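K.L.:
Quick one: the structure is below, and I'll ask about it shortly.
The values are calculated or read from the model by the stated rules, or taken from the named source; none is laboratory data. It should be emphasised that the depicted structure is a prediction, and the values quoted were computed from it without experimental measurement. Cβ: placed from backbone, ideal geometry, glycine included. Neighbour counts: every protein chain shown.
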Amino acid sequence: MDEKDTVILRELQKNGRIAAGDIAVMLEVDENEVENRIAALQAGGILRRCTAVIDYGAAGVDEVAVILSLKITPERGLGYDGIAAQIARFPQVESILLLTGTYDLQVIIRGQSMAEVSRFVAEQIASIEGVRETMTQIVMRTYKEQGVEMLRPGSRDRQLITF
């Protein structure tokens with residue numbers, strides 16, 4: 001990987017739909033070279049996916065996001081990786097981070113309702129062997145997601161959450 005690859009990755013991270021030709025102009029190289037580099041970055045597992053950042057509130061889609069902090073007993077020979085791999089298999093899980101501090105893992109979970117997310121945490125996550133403690137925090141509002149500001153002009157609403 002060289003400086004050109006780094007520029008390509010940064011541009012794709014900012015805008016996953018940017019054309020290879022536009023990146024080629026920035027780098028002053030041929031468009032085919034950019035396409036070949038992108039293919040090599042994908043084949044090498046460096047460029048995993050280009051995704052969309054969605055404002056579900058603006059789309060009128062009901063969604064609940066929670067930040068789940070976990071205290072874990074590491075598995076012999078696997079450490080935290082085994083439990084993280086089990087959690088990663090669930091489609092509700094958006095991301096998993098290994099942390100320093102009070103909790104070991106931070107898991108971002110999304111669902112259609114608080115009841116759905118609560119049931120998922122209680123039945124699927126808390127029951128995993130090695131999970132000692134969970135702390136769930138409800139995301140009330142997202143101000144910035146993957147580098148994209150999510151504030152809408154004139155929007156001061158907060159999501160109504162009922163228990």
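K.L.:
In this structure, does L105 turn out to be farther than 30 Å from D5 by Cβ and in contact with an Asp or Glu (Cβ under 9 Å, 6 or more places away or on another chain)? Break it down into steps so the answer makes sense when it comes.
P.N.:
Values: farther than 30 Å from D5 by Cβ: yes; in contact with an Asp or Glu (Cβ under 9 Å, 6 or more places away or on another chain): no.
No: the conditions fail for L105.
K.L.:
Same structure, new question: Where the second residue is surrounded by 12 or more Cβ atoms within 10 Å (Cβ to Cβ) and hydroxyl-bearing (S, T, Y) and the first is closer than 20 Å to Q112 by Cα and lies in the stretch 130-149, which pairs have Cβ atoms under 7 Å and are six or more apart or on separate chains?
P.N.:
Between residues of the stretch 130-149 that are closer than 20 Å to Q112 by Cα and residues that are surrounded by 12 or more Cβ atoms within 10 Å (Cβ to Cβ) and hydroxyl-bearing (S, T, Y), the close pairs are M135/S69; M135/Y103.
K.L.:
Considering only the stretch 100-129, how many residues are in contact (Cβ under 8 Å) with a residue 24 or more places away in the chain and within 14 Å of I67 (Cα to Cα)?
P.N.:
Total satisfying the criteria: 14.
K.L.:
Considering only residues that are surrounded by fewer than 13 Cβ atoms within 10 Å (Cβ to Cβ) and charged (D, E, K, R), which ones fall in the stretch 1-21?
P.N.:
Residues satisfying the conditions are D2, E3, R10, K14, R17.
K.L.:
Please count how many residues of the stretch 91-102 are of a type outside the set (D, E, K, R), touching a strand residue (DSSP E or B) at 6+ places or on another chain (Cβ under 8 Å) and surrounded by fewer than 17 Cβ atoms within 10 Å (Cβ to Cβ).
P.N.:
Total satisfying the criteria: 5.
K.L.:
Being touching a strand residue (DSSP E or B) at 6+ places or on another chain (Cβ under 6 Å) and polar (S, T, N, Q) is the filter here; which residues of the stretch 120-148 pass it?
P.N.:
Passing the criteria: T134, T136, Q137.
Residues are listed down the side, and each one gets a yes or a no for (1) farther than 30 Å from Q137 by Cα; (2) crowded, with 16+ Cβ neighbours inside 10 Å; (3) over 25 Å from the mean Cα position of the chain (by Cα):
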| position | (1), (2), (3) |
| --- | --- |
| M26 | yes, no, yes |
| A43 | yes, no, no |
| V64 | no, yes, no |
| S69 | no, yes, no |
| I72 | no, yes, no |
| G82 | no, yes, no |
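K.L.:
Which of the numbered conditions does E3 fail, given that it passes all the others? Conditions: (1) over 26 Å from I54 (Cα atoms); (2) under 24 Å from the mean Cα position of the chain (by Cα); (3) not β-branched (V, I, T).
P.N.:
Unmet condition: (2).
K.L.:
Within the stretch 2-34, can you find the residues that are more than 22 Å from Q146 (Cβ to Cβ) and either outside any loop (DSSP other than H, G, I, E, B) or of a type in the set (A, V, I, L, M) (or both)? Please lay out each step first, then the result.
P.N.:
First pass over the stretch 2-34, keeping only residues more than 22 Å from Q146 (Cβ to Cβ): 2-4, 21, 24-25, 27-34.
Scanning the stretch 2-34 gives E3, K4, G21, A24, V25, L27, V29, E31, N32, E33, V34.
K.L.:
Go through the stretch 111-163 and give me each residue that's among the basic types (K, R) and either exposed (fewer than 10 other Cβ atoms within 10 Å of the Cβ) or at pLDDT 95 or above (or both). Let's see the steps before the verdict.
P.N.:
Applying the first criterion (among the basic types (K, R)) to the stretch 111-163 yields 119, 132, 141, 144, 152, 156, 158.
Of everything in the stretch 111-163, those that are among the basic types (K, R) and either exposed (fewer than 10 other Cβ atoms within 10 Å of the Cβ) or at pLDDT 95 or above (or both) turn out to be R119, R132, R156, R158.
K.L.:
Would you mind stating whether R37 is basic (K, R) and either in contact with a strand residue (DSSP E or B) (Cβ under 9 Å, 6 or more places away or on another chain) or not in a helix (DSSP H, G or I) (or both)?
P.N.:
Working: basic (K, R): yes; either in contact with a strand residue (DSSP E or B) (Cβ under 9 Å, 6 or more places away or on another chain) or not in a helix (DSSP H, G or I) (or both): no.
For R37, the condition - basic (K, R) and either in contact with a strand residue (DSSP E or B) (Cβ under 9 Å, 6 or more places away or on another chain) or not in a helix (DSSP H, G or I) (or both) - is not met.
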